[in-house]
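**Student:** Once you've had a glance at the structure underneath, I'll fire off some questions.
The values are calculated or read from the model by the stated rules, or taken from the named source; none is laboratory data. Keep in mind it's a predicted model, so treat the numbers as computed, not measured. Don't worry about glycine lacking a Cβ; one is built from the backbone with ideal geometry, like all the others, and counts go over all protein chains shown.
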Amino acid sequence: MISFDTGIIEQCKKSDRRAQMQLYKTFYKRVYNTCLRILHDSGEAEDVMQEAFLKAFSSLDSYNINIPFEAWLVRIAINASIDKLRKKNLETMELFDNFNYDVIDNDDNEDWENVLEKVGKVKEAIERLPESSRLIVNLYLIEGYDHEEIAEILNIAPGTARIQYMRAKQKLVELI
């Protein structure tokens, strides 16, 4: 989590433009990267990031100080990104049913270049997943949400979130 002076939030509530800009500068990279991982389009990610900040600034009175501000802001960005996907008529949970259950060998003695190569392959494979699968993988692995939180975000049952994550993971193994 990014640390910052929480007093800035009170200044933002008073529409202090300098405070809003400081808050924006503190969190824009985190919010943009979250949107980009979900939308997979830099232009759309930038638009949604701006929408998320506008919504956050206009909703600061409803912000609960017991929740980390970054988590609250990122959640707004995730919801805005998902709304953008839904507007594109995405069938959010359309995944394949038949996957192989191959296990990837782990060799603890690999050199760094080998590790970087594997990371590159995983990133490439994630990008090749259908948008719905990529969304689940990003929310779980990158954003750190658990299956219950993902279910709440996507408005699905927690068991469905778990199954779809497992299917997406199987598809990754297949792509790699």
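**Student:** Against the conditions (1) surrounded by 13 or more Cβ atoms within 10 Å (Cβ to Cβ); (2) under 25 Å from ASP41 (Cα atoms); (3) among the basic types (Lys, Arg), where does LYS123 fall short? Just the number, please.
**Tutor:** Against the list (1) surrounded by 13 or more Cβ atoms within 10 Å (Cβ to Cβ); (2) under 25 Å from ASP41 (Cα atoms); (3) among the basic types (Lys, Arg), LYS123 comes up short only on (1).
**Student:** Still on this structure: Within the range 32-65, count every residue that is surrounded by fewer than 16 Cβ atoms within 10 Å (Cβ to Cβ) and among the aliphatic types (A, V, I, L, M).
**Tutor:** 2
**Student:** Among the residues of the range 48-62, how many are in contact (Cβ under 8 Å) with a residue 24 or more places away in the chain and under 16 Å from the mean Cα position of the chain (by Cα)? Steps first, please.
**Tutor:** Applying the first criterion (in contact (Cβ under 8 Å) with a residue 24 or more places away in the chain) to the range 48-62 yields 48-49, 51-53, 55, 57, 60-61.
Still in the running and under 16 Å from the mean Cα position of the chain (by Cα): 48-49, 51-53.
Counting residues in the range 48-62 that are in contact (Cβ under 8 Å) with a residue 24 or more places away in the chain and under 16 Å from the mean Cα position of the chain (by Cα) gives 5.
**Student:** Show the residue pairs meeting these rules: Cβ distance below 6 Å; 6+ apart or different chains; first residue within the range 161-176 and in a helix (DSSP H, G or I); second residue among the charged types (D, E, K, R).
**Tutor:** Listed by first residue and then by second, the contacts come to VAL173/ASP102; LEU175/ARG128.
**Student:** Hey, another quick one. Quick one: in the range 126-162, which of the residues that are buried (at least 17 other Cβ atoms within 10 Å of the Cβ) and of a type in the set (D, E, K, R) is nearest to ARG37 (Cα to Cα)?
**Tutor:** That would be ARG134.
**Student:** Continuing with this model, one more query. Among the residues of the range 121-160, how many are out of contact with any Leu (no Cβ under 6 Å at 6 or more places or on another chain), free of Cβ contacts under 8 Å to residues at least 24 places away in the same chain and within 20 Å of LYS87 (Cα to Cα)?
**Tutor:** The qualifying residues number 3.
**Student:** For the range 95-110, indicate whether the set of residues that are within 20 Å of SER81 (Cα to Cα), modelled with pLDDT under 85 and either β-branched (Val, Ile, Thr) or surrounded by 12 or more Cβ atoms within 10 Å (Cβ to Cβ) (or both) is non-empty. Spell out how you get there, then give the answer.
**Tutor:** Here is the first cut: in the range 95-110, the residues within 20 Å of SER81 (Cα to Cα) are 95.
Applying the additional criterion that residues be modelled with pLDDT under 85 yields 95.
Okay, now just the ones that are also either β-branched (Val, Ile, Thr) or surrounded by 12 or more Cβ atoms within 10 Å (Cβ to Cβ) (or both), so 95.
Within the range 95-110, one or more residues are within 20 Å of SER81 (Cα to Cα), modelled with pLDDT under 85 and either β-branched (Val, Ile, Thr) or surrounded by 12 or more Cβ atoms within 10 Å (Cβ to Cβ) (or both).
**Student:** If you check SER3 against the conditions, is it surrounded by fewer than 11 Cβ atoms within 10 Å (Cβ to Cβ), modelled with pLDDT of 90 or more and of a type in the set (Ser, Thr, Tyr)? Steps first, please.
**Tutor:** On the way: surrounded by fewer than 11 Cβ atoms within 10 Å (Cβ to Cβ): yes; modelled with pLDDT of 90 or more: no; of a type in the set (Ser, Thr, Tyr): yes.
Answer is no for this residue.
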